[in-house]
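The values are calculated or read from the model by the stated rules, or taken from the named source; none is laboratory data. Please read all numbers here as calculations on a predicted model, not as lab measurements. Ideal geometry is used to build each Cβ from the backbone, glycine not excepted, and the neighbour counts take in all protein chains shown. Accessible surface areas use protein heavy atoms only, side chains included; no ligands, DNA or RNA. Shrake-Rupley method; radii C 1.70, N 1.55, O 1.52, S 1.80 Å.
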Amino acid sequence: PTTTPLLTSPPLSETATAVITVTEIDRHSLTWGELRRAAAQWQSSLMAVGIGAGDRVAGYSGNHATTLVAMLATTSLGAIWTGVSPDTGAYAVVERLRQIEPRLLVVDTATFYNGKVRGMGGKVDEVVGELPSLQTVVLLDPPARDEGQTALSVSTAASVVRMAEFLALGSSDHKLSFLRFPPDHPVYI
C-alpha cells in the first residue's frame, strides 16, 4: 500500500500580512513578524505584573489588532481571556466580569462610531470600581483624539497604566513562547 504524504504549508513569511483592522477612520495591518513581536512584548509585560496560568484577563475593548495581541499573549501563558464589546453597558460588563474575577483589565479609552469619538471614561470608572479582583488596568490608545475623556476618577487599588507604560514593564527582547497545557485547559470565557 502507498501512503499519501501529509500536506504541509510553507513557513509564514515575517512580512506577509497576518491581521487587517478596518475602522471608519483608518485601515491598519500587521505582518506576521509584527504580530509575533507585539505578542512577545505583551507576554513579557503580563509576566512582569504576575499574570500566569489560570489567571483571568478581560478585554473591554473592540475587535482590533491590539485586542487580538493581548488575547494571544494572555492565552500563551495559560491565563484565561474574556472579551466584552465597548458598546456594552457598564452594568452588564460588571455582571459578567464580577463572576470571573479578572486580575487585569484591558480597556479602550474611547470608541469611534458614526463619525464621532465617544469617551469610555464614565463606563470604565463604573466597571473598575465594582471589580475588587483587579490588580492592573491597561488603558489602550484611543482610535482618535479623545479630548481628554480617558481619566479614571474612581478610587481603585488596581494600578492604572496607559498601554505604553504597561509595555515598558516587559522586556523588549523577550522571545514569544507558548506554554503547553492539557487539551481541557480553559482558554476563553
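Quick check on this structure: which one of VAL94, VAL69, VAL106, VAL84 is more than 17 Å from TYR188 (Cβ to Cβ) and open to solvent by less than 40 Å² (accessible area, probe 1.4 Å)? So that I can check it myself, show each step before the final result.
Numbers: VAL69 fails: more than 17 Å from TYR188 (Cβ to Cβ); VAL106 fails: more than 17 Å from TYR188 (Cβ to Cβ); VAL84 fails: more than 17 Å from TYR188 (Cβ to Cβ).
Unique residue meeting the criteria: VAL94.
Restricting attention to segment 166-189, which residues are open to solvent by 100 Å² or more (accessible area, probe 1.4 Å) and without any contact (Cβ under 8 Å) to a residue 40 or more places away in the chain?
To start, the set of residues in segment 166-189 that are open to solvent by 100 Å² or more (accessible area, probe 1.4 Å) comprises 172-173, 175, 178, 180, 183-184, 188.
The answer is ASP173, ARG180, PRO183, ASP184.
Evaluate the following for ALA144: is it of a type in the set (Gly, Ala, Ser), at pLDDT 95 or above and over 15 Å from the mean Cα position of the chain (by Cα)? Steps first, please.
Numbers: of a type in the set (Gly, Ala, Ser): yes; at pLDDT 95 or above: no; over 15 Å from the mean Cα position of the chain (by Cα): yes.
Spelling it out, it is not the case that ALA144 is of a type in the set (Gly, Ala, Ser), at pLDDT 95 or above and over 15 Å from the mean Cα position of the chain (by Cα).
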Kindly evaluate GLY83 against the criterion of being assigned to a strand (DSSP E or B) and either over 20 Å from GLY62 (Cβ atoms) or modelled with pLDDT of 90 or more (or both). yes
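Out of all the residues in segment 20-37, which are assigned to a helix (DSSP H, G or I), touching a strand residue (DSSP E or B) at 6+ places or on another chain (Cβ under 7 Å) and either open to solvent by 80 Å² or more (accessible area, probe 1.4 Å) or under 17 Å from THR75 (Cβ atoms) (or both)? Can you show your working first?
Residues of segment 20-37 assigned to a helix (DSSP H, G or I): 32-37.
Filter once more, keeping what is touching a strand residue (DSSP E or B) at 6+ places or on another chain (Cβ under 7 Å): 32, 35.
Within segment 20-37, LEU35 is the sole residue that qualifies.
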Filter segment 10-19 for residues that are surrounded by fewer than 16 Cβ atoms within 10 Å (Cβ to Cβ) and small (Gly, Ala, Ser); the one that is farthest from the chain's Cα centre (by Cα) is SER13
Take the residues in segment 51-66 that are in contact (Cβ under 8 Å) with a residue 60 or more places away in the chain, of a type outside the set (D, E, K, R) and outside any loop (DSSP other than H, G, I, E, B); name whichever of them is most open to solvent (accessible area, probe 1.4 Å). THR66
